[in-house]
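No lab work stands behind these numbers, since they all come straight from the coordinates. These numbers were taken from a predicted model, which means no experiment stands behind them. Reconstructed Cβ throughout: ideal geometry from the backbone, glycine too, with neighbour counts over all protein chains shown.
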There are 2 protein chains.
Amino acid sequence: MIEHLQKLPGVGPKTAQRLALYLIERPEKDVLAFAQALVDAKRQVGLCRICFNLSVQPVCDICRNPHRDDRVICVIADPRDAIAIEKTREYRGKYHVLGGVISPMEGVGPEQLHLQELVHRASKDTVEEIIIAIGPSVEGDTTTLYVGQLLKPFVRVTRIAFGLPMGGDLEYADEVTLARALEGRRELDY
Amino acid sequence: MIEHLQKLPGVGPKTAQRLALYLIERPEKDVLAFAQALVDAKRQVGLCRICFNLSVQPVCDICRNPHRDDRVICVIADPRDAIAIEKTREYRGKYHVLGGVISPMEGVGPEQLHLQELVHRASKDTVEEIIIAIGPSVEGDTTTLYVGQLLKPFVRVTRIAFGLPMGGDLEYADEVTLARALEGRRELDY
């Protein structure tokens, strides 16, 4: 049990031991229920066949939701990014999960990402804007460039803003962030 | 000595004691030179009479530098912000230091800031753009709004971008930062 627990992200030998002792002290039915839940989740959760987000159904809740705006698709690297964006409660469009970013160092090329399906979705008449919401890094910028060139013939492509984070003091911002904040300055429109 | 050292920002009783013992163990001439440097700096450093940045001369190095672009003025709250922006090596214009932000809670109103002088500078024909580089916060946003309304009749006013910082993963961004990054998205222009 300890060997398996130790493989979890962020769990080292000491934590694994602590978790194992906790589980040993539980009633057997609790441990059985926990084990069953792991297997059930693993078996039931797959990828939405439209947006490739995690989903129990063949098509995920967001793709099926008629109140979500299907004129806008937000392209993200990872299902976790959708959770982060949903928390803002500001976005009412759909998503498309690439399943990673282009990274020659880690052997991830465009062909490993869900790009063909994205081109197919973006080329539909209903889609008016593709928002690329991929974080700023070498791999993120490469992926954004690639996706942008792929989609521009079909549709308007935008990218989320980079700059000072909320509560960010200029003094504590790193130089690249500050340079991007200056470069990305916008007309004051109020 | 310890009482005085303890008043420095970030110096608690223990650090003050450590610094004091260090100074006691130095040769007397070093301590005299240190004390003199404190007094000299305090006496010599004043505010530039054009931009209100810290300066030994009546007019600071940046204001006197003919290679700095005087068509652009970057409005900042504090001299430290100029140091941060200079480190990016991306900005070639001039500065204007407000000397704080509008904060009713701390009793700072517009009249305490170097705003009249800014209006005077911005209304000159040579000035083409005012970049407001004040961090995002309630006080920062209020100040930006105020400065913007004051200057718009004379000149183009822009504001630095807010969004994801460099290396910022969407997953770890707070909700307001992510909402601003989405709201501030821009056309992909490559």
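Legend: mean number of C-beta atoms from other chains within 10 angstrom of residue C-beta atoms, peptide A:74-84, equals 3. Descending by average beta-carbon neighbour count within 10 Å, the peptides A:42-54, A:175-187 line up as A:175-187, A:42-54, the highest first.
Between the beta carbons of B:Val56 and B:Val11, assuming R0 = 22 Å, the FRET efficiency works out to 0.25 to the nearest 0.05.
Its alpha carbons give the protein assembly as shown an Rg and a Dmax of 27.4, 81 Å.
Rounded to whole numbers, the Karplus 3J(HN,Hα) couplings from phi for the range B:90-102 are 10, 9, 10, x, 9, 10, 9, 8, 6, x, x, 10, 5 Hz, using 6.51 cos²θ - 1.76 cosθ + 1.60 with θ = phi - 60°, and x at Gly and Pro. For the residues of B:153-163, the average number of beta carbons from a partner chain within 10 Å of their own beta carbon is 6.
Please state the shape class of the range B:2-44: rounded when a/c is under 1.5, otherwise prolate if a/b exceeds b/c and oblate if not, all from the C-alpha gyration tensor. Note, shape of the range B:2-44 comes out oblate.
The simple Förster model, with R0 at 41 Å and r as the Cβ-Cβ distance, assigns A:Leu19 and A:Tyr146 a FRET efficiency of 0.50.
With an 8 Å cut-off on Cα pairs and a minimum separation of 6 or more residues, tell me the relative contact order of chain A in percent.
Details: 218 pairs, mean separation 25.2, N = 190.
Relative contact order, chain A: 13 percent.
Taking every DSSP bridge with both residues inside chain B, close to 20 percent are antiparallel. Note on chain A: helix-only mean residue ellipticity at 222 nm, from DSSP H runs of 4+ residues weighted -39500 (n - 2.57) and normalised by residue number, equals -12500 deg cm²/dmol.
Amide hydrogen proximity for B:Thr158: with H placed 1.01 Å from N in the peptide plane, the residues at 5 or more positions away or on another chain lying under 5 Å are A:Leu188, B:Ile130, B:Ile131, B:Ile132.
Seen through its C-alpha gyration tensor, with square-root eigenvalues sorted a ≥ b ≥ c, the range B:68-159 comes out oblate because a/c lies at 1.5 or above while a/b is not bigger than b/c. To the nearest ten degrees, helix B:28-44 and the longest principal axis of the Cα atoms of chain B are 30 degrees apart. Note on A:His120 and A:Arg89: the model spin-label points, each 7 Å out from Cα along the C-beta direction, lie 3.6 nm apart. Remark: label point of A:Gln57 defined 7 Å out from Cα along the Cα-Cβ vector; separations to the same position in other copies 7.0 nm, ascending. Ranked from shortest, the separations from the 7 Å Cα-to-Cβ label point of B:Asp125 to its equivalents in the other copies are 5.5 nm.
Please report the relative contact order for the range B:115-178, taking Cα pairs under 8 Å with a sequence separation of at least 6, and give it as a percent rounded to a whole number. Present the calculation step by step, with values, prior to reporting the outcome.
Numbers: 48 pairs, mean separation 21.6, N = 64.
Reported as a whole number, the value is 34 percent.
Annotation for B:Ala33, label-to-label distances across the other copies: 7.3 nm (shortest first, one decimal, point 7 Å from Cα along Cα→Cβ).
Taking every residue in B:135-141 and counting other chain Cβ atoms within 10 Å of its Cβ, the average works out to 4. Taking 16 Å as the straight-line reach from the Cα of B:Lys87, the aspartates and glutamates in range (excluding those fewer than 8 positions away in the same chain) are A:Asp169, A:Glu171, A:Asp174, A:Glu175, A:Glu183, B:Asp61, B:Asp78. Farthest toward the positive end of the dipole of chain B, out of B:Leu23, B:Val97, B:Pro165, is the Cα of B:Leu23, where the dipole comes from beta carbon charges about the Cα centre. Max-minus-min Cα coordinates of chain B on each principal axis give 62, 45, 39 Å, with the largest extent listed first.
Projecting label points 7 angstrom from Cα along Cα→Cβ for A:Asp40 and B:Glu128 puts them 6.6 nm apart.
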